[in-house]
Every structure is written in structure tokens, then in C-alpha cells.
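A quick write-up on the structure given underneath.
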Amino acid sequence: MTEAPLIGIIMGSRSDWETMSHAAATLDALCVPHETRVVSAHRTPERLYDYARSAVDRGLKVIIAGAGGAAHLPGMTASMTRLPVLGVPVESKALKGMDSLLSIVQMPGGVPVGTLAIGKPGAINAALLGAAILATHDEALAERLDAWRARQTADVAVEPFD
Ligand code: RP5
């Protein structure tokens, strides 16, 4: 993507990329300019601070944050920017992502994180939701999103067998 990114996809570790790549692929399909970064709440707190604090001035409109385990990244990001933050609970080995989900979804009133499903569906839906947010002020993107949804509907078979 050569255009300035409108959506930032951040994740706590390179190990989250397998999940978060689905968010990037979905934004690619909708031609939404985005960037991807590893930003850990625990291991790189200063990188997180710099990323969240500079996000508005850099022109980002939405942040998608994926993390697993004690998943503080989405909530900490939301605490430092007024941009909408969409949280993706990455499936963990020990607790299958229930830890990630509960860490992300149970924000105290006042600091919202829009929490999606665990794993790949959540990553895809975070991208679709981010695109839908942008589409409220971007008619061309709204049309691409409508077309994406129409293709999905057309792809659903009537019979459950070949
Ligand atoms: C979290 O810890 C990351 O978001 C990742 O899901 C999890 C494990 O990270 P690695 O040990 O694989 O780097 O911070």
C-alpha cells in the first residue's frame, strides 16, 4: 500500500501474525490502506506509548489490536488515544483464547475497546468493522464493502453437498 495508512493493525508478538494476517488480507481485499506493527504492552511499553500517542496526528482513523494471554494491548492502546480500538483475542495455547477474550472484553466503563471473536473470525471481522467505520465517510469504500458482502452472500451454496 502506498497511500497513507488509515487503519493500524498492531499485535503483541510476531506469533500473532498468523491470526492478524487475516485482518490485513481483508483490508487488502477492500483496498483500505493500512500498516502492520508488532507492539507489545509488556515487552515494548515505550513503543506502545509512542504508537498510541502519535496515531491521531499520523492520520490513522481506527486501530485493530490483537494480543493473546494477558492481553493488555488493546486496552492500553485505548487508554492513550481517542481513536476507535478494535480488540482481537488471539487464541492462546494454555486456555484457547479465553484468557485473551476476557482480558480484552472486560474494560472498565470509560475506556472502550470493541472486542471481536477469538482468532481468525475476530481478525476478519475487526477489519470489516474498521472498514465499515471508515465507510460512513467514504462512499467509494462503502460501495466496495457492499460488493464484498454481496459476493459473500452469492457464495453461499443452497445445497449442503456437491
Ligand atoms: C502476547 O503474548 C502476544 O500477543 C502473544 O499472543 C502472546 C505470546 O507471545 P510470544 O511468547 O509468542 O511472543 O503478548
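The values are calculated or read from the model by the stated rules, or taken from the named source; none is laboratory data. In this text the structure is predicted, and so the values were computed from the model without any measurement. Here the Cβ is made from the backbone with ideal geometry for all residues, glycine too, and neighbour counts use every protein chain on show.
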With respect to LEU145, determine if the residue is surrounded by fewer than 22 Cβ atoms within 10 Å (Cβ to Cβ), more than 20 Å from PRO45 (Cα to Cα), in contact (Cβ under 8 Å) with a residue 60 or more places away in the chain and hydrophobic (A, V, I, L, M, F, W, C). yes
Return the residues of region 85-98 that are more than 12 Å from the ligand (Cβ to nearest atom) and surrounded by fewer than 19 Cβ atoms within 10 Å (Cβ to Cβ); say none if nothing qualifies. LYS96, MET98
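For every residue, the table says whether it meets (1) out of contact with any Lys or Arg (no Cβ under 9 Å at 6 or more places or on another chain); (2) surrounded by fewer than 17 Cβ atoms within 10 Å (Cβ to Cβ).
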site: ASP50; (1), (2): yes, yes
site: ARG53; (1), (2): yes, yes
site: LEU83; (1), (2): no, no
site: SER100; (1), (2): yes, no
site: GLY109; (1), (2): yes, yes
site: GLY114; (1), (2): yes, no
site: ILE118; (1), (2): no, no
site: GLY130; (1), (2): no, no
site: LEU141; (1), (2): yes, no
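Is at least one residue of region 105-112 of a type in the set (Gly, Ala, Ser), under 19 Å from ARG37 (Cα atoms) and assigned to a loop (DSSP other than H, G, I, E, B)? Give the steps one after another, and end with the answer.
Going residue by residue through region 105-112, those that are of a type in the set (Gly, Ala, Ser) are 109-110.
Narrowing the set further to residues that are under 19 Å from ARG37 (Cα atoms) leaves none.
Among the residues of region 105-112, not one is of a type in the set (Gly, Ala, Ser), under 19 Å from ARG37 (Cα atoms) and assigned to a loop (DSSP other than H, G, I, E, B), which makes the answer no.
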Qualifying residue in region 21-44 (condition: closer than 17 Å to VAL105 by Cβ, in contact with a strand residue (DSSP E or B) (Cβ under 7 Å, 6 or more places away or on another chain), within 14 Å of the ligand (Cβ to nearest atom) and not small (Gly, Ala, Ser)): no
Pairs with Cβ under 8 Å, 6+ apart, first in region 58-71 and more than 12 Å from GLY87 (Cβ to Cβ) and surrounded by fewer than 24 Cβ atoms within 10 Å (Cβ to Cβ), second at pLDDT 95 or above and polar (S, T, N, Q): GLY69/SER92; GLY69/SER100; GLY69/SER103; ALA70/SER103
Residues in region 1-41 that are part of a helix (DSSP H, G or I) and not basic (Lys, Arg) total 15
Looking for whichever is near the ligand (Cβ under 10 Å from one of its atoms), in a strand (DSSP E or B), modelled with pLDDT of 95 or more and touching a strand residue (DSSP E or B) at 6+ places or on another chain (Cβ under 9 Å) here; the options are ALA71, ALA67. Which one fits? ALA67
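Taking the options ASP99, ASP162, name whichever one is at pLDDT below 95 and more than 27 Å from PRO5 (Cβ to Cβ).
Criteria check complete, one pass: ASP162.
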